[in-house]
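What follows is calculated from the coordinates using simple rules that are stated; it is not laboratory data. From a predicted model like this one, the values you see are computed outputs, not experimental measurements. Every residue, glycine among them, receives a Cβ derived from its backbone with ideal geometry; neighbour counts consider all protein chains shown.
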Amino acid sequence: SADASAGQAAPVKVNPNGPTEETVLSVEHYTDRLFRFRLTRPQSFRFRSGEFVMIGLPKEDGKPLLRAYSIASPAWDEELEFYSIKVPDGPLTSRLQKIQPGDKVLLGRKPTGTLVLDALTPGKRLYMFSTGTGFAPFASLVRDPDTYERYEEVIVTHTCRDVNELTYSRTLIDSLSADPLVGEMVGGKLKLFTSTTRQHHEHMGRITTLIENGKLFADLGVPPLAPATDRAMICGSMEMIQDVKALMLKAGLTEGSNAAPAEFVIEKAFAG
Ligand code: A2P
C-alpha cells in the first residue's frame, strides 16, 4: 500500500535532474580577482566546446547555490576547466575561491549556449572578441580541432583593465603550439590580440575603439570586417556585447543562433 513505509526513515532523495558532485583536481590563482580550477568529468557529461553549465556549492541549508559558468576546457578533454572571478562578498565566488584539490563542486547536467561553431555559417576568418572572464568559452574553442578545420584564420582578442589579468589567455595560447591535439593546427592560423585599458601595455584601448579606428585590423594585417569572409563570437559584459554587436551589424554581419546559424553570435560573460 501507499503508506507501507510509514514509520521508517525516509530514503535519501536523489534528484535525477539535479547537479552531480565532482572532485576538484587542481586550482591555479592568477591575481587576487581571478583563478581557474579543474574538476572530474562524469562519463555521461556531454557538451559542445563554447557552452556553459551551472556549477556551485551547497548552501548551509544543503540546497545547491548554482551560477552559470562557461566551460573553459574543450569537448574532448577528460576533465572540466573553469575560469572564475573572485568577489569578496559574492555569494558563490567568496566560497568557491577557497576550494582545494579533493574538495567537491556541484555540476549541472545540462550544458547549453550560443558560442558554438554550429551557430555560425562557414567563413574564412573567425574572430573571438572577449573582455575579462569572457575569455573562458574561447579557452575551450581554441583547444578544439574543429575550430581549425572550419576556419583558415582564428583571431582571439582579450581586453582587460590591467596586464596581469591577461595571464590566463596569454599562457594558454602560448602553450598551444606544444599541444598534442591542436599543436600542428594552430601554427600560422591562431592569433591572440591583447589590449589593456587602464595600465600600460603593447596595445591599449577598448576593443570597440580598436575596431572602429581600424587599429585592430592594421595590426593583424587583415582587411576590415566583411560578411563574405568573417565570422565572430562575442563574450563580455552586457555593455561590451551590445557595443561590439552594433559594430558587427554596421559591418553587415547578421546575428546567428543554434536554430538559425549566421555570421556572429553573442553570450554574456557569467559570474562577472
Ligand atoms: P574600461 O577600463 O575602459 O572600462 P570590466 O572588468 O568592467 O568588465 O571590463 C573589462 C574590460 O572591458 C576593460 O578593459 C573595460 O574597459 C572593457 N569594457 C568595458 N565596457 C566595455 C564596452 N562597453 N565596450 C568595450 N569594452 C568595454
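Treat every Asp and Glu Cβ in the range 168-235 as -1 and every Lys and Arg Cβ as +1, leave all other atoms uncharged, and give the resulting dipole magnitude about the Cα centre to the nearest 20 debye.
200 debye
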Order by neighbour count: Leu190, Leu39, fewest other Cβ atoms within 10 Å first, most last. Leu190, Leu39
In nm, to one decimal, how far is the modelled label at Lys63 from the one at Ala259, with both set 7 Å along Cα→Cβ? 3.1 nm
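Work out the length of the dipole vector of the range 20-107 about its Cα centre, built from +1 on the beta-carbon of each Lys and Arg and -1 on the beta-carbon of each Asp and Glu, and round it to the nearest 20 debye.
Value, rounded to 20: 180 debye.
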Taking neighbour counts of Cβ atoms within 10 Å as a proxy for exposure, in what order, fewest first, do Ser140, Ser94, Ser169 appear? Ser94, Ser169, Ser140
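Between Thr167 and Gln43, take the C-beta separation as r, use R0 = 25 Å, and let me know the FRET efficiency to the nearest 0.05.
Efficiency, from the Cβ-Cβ distance: 0.15.
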The range 150-165 scanned against label point 7 Å out from Glu184 along Cα→C-beta; backbone N under 20 Å for 150-154
Of Met54, Ala75, Gln97, whose Cα points farthest to the positive end of the dipole of the range 20-107 (charges on the beta-carbon: +1 Lys, Arg; -1 Asp, Glu; origin at the Cα centre)? Met54
Which of the lysines could a cross-linker bridge to Lys189, judged by Cα under 22 Å and excluding same-chain residues fewer than eight apart? Lys124, Lys215
Given the rule -39500 (n - 2.57) for each run of at least 4 DSSP H residues, summed and divided by the residues of the chain, what is its mean residue ellipticity at 222 nm, to the nearest 500 deg cm²/dmol? -5000 deg cm²/dmol
Taking the chain as the reference, fit the longest principal axis to its C-alpha atoms, fit the long axis of helix 238-250 to the helix C-alpha atoms, and give the angle between the two in degrees, 0 to 90, nearest 10. 40 degrees
Two pseudo-spin positions, 7 Å from Cα along C-beta at Thr23 and at Arg95, lie apart in nanometres by 2.2 nm
Count of Lys pairs (Cα-Cα under 15 Å; at least 8 positions apart or interchain) in the range 20-107: 4
Residue exposure sequence - His158, His29, His200 - by fewest surrounding Cβ within 10 Å: His200, His29, His158
Give me the number: length gained by fully extending Met238 to Ala218, i.e. 0.36 nm times residue separation minus the C-alpha to C-alpha distance, one decimal in nm. 4.5 nm
Let me spell out the model: positive unit charges on the Cβ of Lys and Arg, negative unit charges on the Cβ of Asp and Glu, origin at the Cα centre of the chain. What dipole size does that give, in debye rounded to 20? 420 debye
Semi-axes of the equivalent ellipsoid of the range 190-269: what are they in whole Å, largest first, if each equals the square root of 5 times a C-alpha gyration tensor eigenvalue? 22, 16, 11
Return the single residue from Gln97, Gln199, Gln43 with maximal mean-square fluctuation; model: Gaussian network over the chain, springs between Cα atoms under 10 Å. Gln43
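Express as a percent, rounded to the nearest 5, the fraction of DSSP beta bridges in the chain (both residues included) that run antiparallel.
Values: 26 of 54 bridges.
Of all bridge pairs located within the chain, approximately 50 percent are antiparallel.
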Could you identify which residue out of Pro58, Pro261, Pro74 has the top mean-square fluctuation in a GNM of the chain using Cα springs shorter than 10 Å? Pro58
At q = 0.09, 0.11 Å⁻¹, base-10 log of I(q)/I(0) for the chain (Debye sum, equal scatterers on each alpha carbon): -0.43, -0.62
Relative contact order (percent, whole number), the chain, Cα cutoff 8 Å, 6+ residue spacing: 19 percent
Could you point to the residue in Pro122, Met185, Phe217 farthest towards the positive end of the range 117-268's charge dipole, with +1 and -1 charges on the Cβ of Lys/Arg and Asp/Glu respectively? Phe217
Report the label-to-label distance for Glu79 and His200 in nanometres (one decimal), using points 7 Å from each Cα along the Cα→Cβ vector. 3.7 nm
Relative contact order, percent, the range 18-125 [alpha-carbon distance under 8 Å, six or more residues apart]: 37 percent
Springs between alpha-carbon pairs under 10 angstrom, Gaussian network model over the chain: which of Lys86, Lys215, Lys63 fluctuates most? Lys63
